[in-house]
1. Sticking with the crude label model, points 7 Å out along Cα→Cβ, report the distance from S43 to E82 in nm, one decimal please.
2. Sort all Cα-Cα distances of the stretch 119-242 into consecutive 5 angstrom bins from zero, then give the percent of pairs in each bin up to the one containing the longest distance.
3. Quick one: putting +1 on the C-beta of Lys and Arg, -1 on the C-beta of Asp and Glu, what dipole do you get for the chain around its Cα centre, in Debye to the nearest 20?
4. Among DSSP beta bridges lying fully in the chain, give the percent that are antiparallel, nearest 5.
5. Once you have a ≥ b ≥ c as the square roots of the Cα gyration tensor eigenvalues for the stretch 1-123, tell me rounded if a/c is under 1.5, and otherwise prolate or oblate according to whether a/b is larger than b/c.
6. Of K231, K275, how do they rank once you tally other Cβ atoms within 10 Å and put the fewest first?
7. Beyond a 28 Å Cα-Cα separation, which of these cross-linked pairs lie in this structure: K231/K275; K3/K67; K42/K67?
8. Count the net charge of all other residues whose Cβ sits under 12 Å from the Cβ of W219, scoring Lys and Arg as +1 and Asp and Glu as -1.
Amino acid sequence: MEKTTLVLMAAGLGSRFGSTKQLTKVGPNGEAILDYTIYDAKSAGIADVVVIVRSEIVSDIESHIEKLHGPNHNCVFVCQDEFGPQREKPWGTTHAVLSASEAIDNDSTFLLANADDYYGPTSLELAAKQLPFLSTGVGMLITFQLSKTLPETGEVTRAICHVEEGELTRIVETANIGNRPDGRITVGPTGPTIESNVPVSLNLWGFHSSIMTSLEQQWDQFLSTNSSSEKSECLLPESVRSVMSDGNLIIRTFPSKETWTGLTNPEDYEVVRSKIRELRAT
């Protein structure tokens, strides 16, 4: 059986949340959201994990993983800030994936996920079933219904997906999406309305390891014009869109029925804790 790996992106600064949300305890036994993703991936047959972190928090995350998953946890830790030019703010999700390239076997597949998004067990199971069908030039994305990915209050950024016959045709990062008092979902308080059932990406991707070559090209192009920037980010949805436009990548999409929960703003904490208790009650 071809080896598969779960790659967790946990290097974000959490500036809006105000603390290290990667380790924020939301479960009854001190679990963080990333622990549930690891549990669900393992249940779906993915045992090996690569966790992308920052140098300043790597020891804390290692200790947390060992406490929750035991000393034989099969996790490898990669520091994103040690890859490429140094600056305080991480370089974005494309850069994060590339920082883990040496930890992913050649001619293998991997599932990519955010550490602070709760995807649910059926999402991980759905993704794991598709990984054996991936190859060079063929990737996968688990999509979610927009209305099921929004916090009760506040605004978020979501990658809006355009899908035709099960394949991704376009993906657009869209900021300031939120629920409004009149029941609409809009971009900004007075912006255009978005249909509630629009598919969105929460960075639950599946790729063949050969994607790294294309992502390296996207990163090099980005860096050539942003090397001195302190804030610009090389974002995975934009990189995927460029590779697709060049005709070098097909992304098959699979809709999840799960309801998202996650930590973006401080007011999300109690909502997430309550929802986790509800969703994991067995």
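1. In this crude label model, S43 to E82 measures out at 3.3 nm.
2. Reading upward from the zero bin: 2, 9, 17, 18, 18, 15, 12, 6, 2, 0.
3. Values: 23 positive and 37 negative charges, 130 e Å.
It works out to roughly 620 debye.
4. Details: 27 of 49 bridges.
The antiparallel fraction comes to roughly 55 percent.
5. Details: a/c = 1.61, a/b = 1.07, b/c = 1.50.
Oblate, since a/c reaches 1.5 and b/c is not below a/b.
6. On the way: K231 8, K275 17.
By the 10 Å Cβ count, ascending, the order reads K231, K275.
7. On the way: K231/K275 33 Å; K3/K67 26 Å; K42/K67 17 Å.
K231/K275, as the Cα separations exceed 28 Å there.
8. Details: positive: none; negative: E216, D220, E233, E238.
With Lys, Arg at +1 and Asp, Glu at -1, the neighbours total -4.
Taken together, the values in this text are just the output of simple stated rules run on the coordinates, not laboratory data. All figures in this text were calculated on a predicted structure; none of them were measured in a lab. When we count neighbours, we look across all protein chains shown, and the Cβ atoms used for this are built from the backbone with ideal geometry, even at glycine.
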